[in-house]
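Data block below; observations after.
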C-alpha cells in the first residue's frame, strides 16, 4: 500500500468511521481509482483533492467537512473518457452507496449536489441549503488546485489527461482543450473561495495562458 492510500485511509477513518461496511466502500472506491485508463484521475488525484479540502476548510467556514471529504472521494468515482455524464453517474453512485451506509437523505443530497457541481466547476447560485454553497466552493477549488501548481506539476497533469483522451485526434484535442481553457480564462475568477483565489488564481491563469499558447503553436500526439 502506497503513501497516498495510507493518507486516504486516515481521512476516511476520520470522516466516515471504521465499520466493516465503511471499509468495504473505501476499498471499492480505491479500486475504481486504480482503473488502468486513469493516468491523472486516479488515487493520487483523490489524495490531493482531499488534502486541499482539509487545508481550505481550515480557512473557510465549512458547514459539513465530513460530507465535503466524502464528496471528494466520490467526485470522479465513475470516470469514462468516452462518456459525457461521469459526474451525474458518480453522484448516483454516491447516493446509492451512502444510503447503504446509513447516511440520511439530506446529507446524501449534500454530497450528490457537490459531486454534480464538478461537471461545470460553478457553485449553483440558487436552491442550496444553508452552508452548502461554501462546502461546494471548497470542493471545487480543491479539484481545480492543480491549475495553480508549479509548471512541472501542471505539465504532468496535462500529460495525464491527454493520455486519458488518447482516442482523440491531435487536432480535436487542441481544439477542444483550447475551448475549455478559454472558458476558464473568461471567468472573473477561477476559484470560488477567497483562500483559493489568494493561493492559486495568479499561477493558474499563467499556466493556462501558457498552455493555450502551446496549443496554438503545435499539436499533442
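Helix 3-15 and the longest principal axis of the C-alpha atoms of the chain enclose an angle of approximately 40°. Each of residue 82 and residue 171 was given a label point 7 Å from its Cα along the Cα-to-Cβ line. The distance between the two points is 2.3 nm. Considering the zone a paramagnetic label at residue 10 would reach in this model (a point 7 Å from Cα along the Cα-to-Cβ line), which residues of region 41-68 have amide N under 17 Å from it? Only 44-58 pass the distance filter. Just grab the label-to-label distance for residue 210 and residue 107, each label 7 Å out from Cα along the Cβ direction, in nm (one decimal). Reported label-point gap for residue 210 and residue 107 is 4.2 nm.
A simple spin-label model places the labels of residue 201 and residue 89 3.6 nm from each other, with each point 7 Å out along Cα-to-Cβ.
Averaging the Cα positions of each part gives two centres, and for region 89-132 and region 139-210 these lie 24 Å apart. Report which label in [x] 18.4; [y] 17.9; [z] 18.8 holds the value of Kirkwood radius over Cα pairs in Å derived from the coordinates of this structure. Label [y] holds the value from this structure.
Helix 43-57 and the longest principal axis of the Cα set of the chain meet at an angle near 70°. Taking all C-alpha pairs of region 69-111, those more than 13 Å from each other amount to 50 percent. Averaging the Cα positions of each part gives two centres, and for region 27-61 and region 1-22 these lie 12 Å apart.
Only helices enter the 222 nm calculation for the chain: every DSSP H run of n ≥ 4 contributes -39,500 (n - 2.57), and dividing by all residues gives -22000 deg cm²/dmol, rounded to 500. Mind checking the angle between helix 86-101 and the chain's longest principal axis? C-alpha axes, 0 to 90 degrees, to the nearest 10. Between the helix axis and the principal axis of the chain, the angle is about 10 degrees.
Take each peptide in 4-16, 151-163, count the other Cβ atoms within 10 Å of every residue, and average; sorted highest first, the result is 4-16, 151-163.
Calculated on the alpha-carbon coordinates, the convex hull of region 147-217 measures out at 85 cubic angstrom per residue. Ranking of 200, 48 by neighbouring Cβ atoms within 10 Å, starting from the fewest: 48, 200.
Taken together, the values in this text are just the output of simple stated rules run on the coordinates, not laboratory data. The shown structure was predicted, so the numbers you read here are calculated from the model rather than taken from an experiment. FYI the Cβ positions are ideal-geometry reconstructions off the backbone, even for glycines, and counts take in every protein chain you see.
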